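Every number here is computed from the coordinates shown, using simple stated rules; none is lab data. Treat the numbers as computed from the prediction; the structure is a model and nothing was measured. All Cβ positions, even for glycine, are placed from backbone atoms using ideal geometry, and neighbour counts span all protein chains on display.
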């Protein structure tokens, strides 16, 4: 068996078409994605426009707090001093998102409840909490007042787009997750080549193999294992290239990513073997079917449009439950963004079941093939 696996791998390596589509094409496409938008986190954050209205008993400390934020290198807010009337008109015409009224006790007036309004509210709450903390320290531990002021003066970024799991998100990450899913499905070309070498009516090599004394089951198992091993190596190269050379923001555990890639690669290979084993259609027709299925699944998973997966989820969610590319990309999201173990496990179980079904069906189709003459 090991002897067969060894030479099966050597034969597959010499098949340029299979190796190009399963290894080199994803690497090339990933590089193009990287130079196109891989270093763009999202659109640059724009400072939130706000007005400040100073009262007679204005809290000067709060005024300094707002000015320090608006005058920083990456300002969170764009501050304008106005009168109460001017500020109200600007708010009604949506030129600003909120009004800070600075009296003895600062207050905030907004006209909506969106992200910008939430940022302004967070600033006010941050100041009030800090003021309360310093007051408490002054009353209970006055000797630590200097250290408390120093620590609170180290202002860090208040707003950062994060997922529910607390990890930063990137709208372009979906392209790369869908790219890995596409690479997994492109293992179908390796699996297809394996199926072709077992059908004596398609190639001369397959005809010679079918008349050898080697048991048909041994040939089938060796072809499947060699295809899985070769494609897993291709995916390992892709992951290492994207994470350690392109330095993409993959925050998840690498072993978990390898597990998803391994099962996804098995899906791709099994799909190729299954389609290659169906009927006695010509090789060109079967390759066209493989391309149509793999690219359709990748498109619906977000390879060409990073919002496509969400659109499908809103209108036809069942497709995302049976689309292997969507399941693979979603599993990567669970690792790197959501930190959702239950969802991650559910995706892997679904992929594993699909893989077992395809392998069993392929085995039945290939094993039953009989020829009147070779």
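Each of 316, 48 has some number of other Cβ atoms within 10 Å of its Cβ, and from fewest to most they run 316, 48. As a rough footprinting exposure proxy, the listed residues 77, 311, 119, 180 were ranked by other beta carbons within 10 Å of their own, and the order from fewest upward is 311, 119, 77, 180. Label point of residue 343 set 7 angstrom out along Cα-Cβ; within region 236-250, amide nitrogens under 19 Å from it belong to 249-250. Which FRET efficiency value, to the nearest 0.05, is calculated for residue 259 and residue 64 with the Förster distance at 51 angstrom and r the Cβ-Cβ distance? Once rounded, the FRET efficiency stands at 0.45.
Legend: ranking of residues 14, 80 from fewest to most surrounding C-beta atoms inside 10 Å; resulting order 14, 80. Note on residue 121/residue 361: beta-carbon distance plugged into 1/(1 + (r/R0)^6) with R0 of 45 Å gives a FRET efficiency of 0.20.
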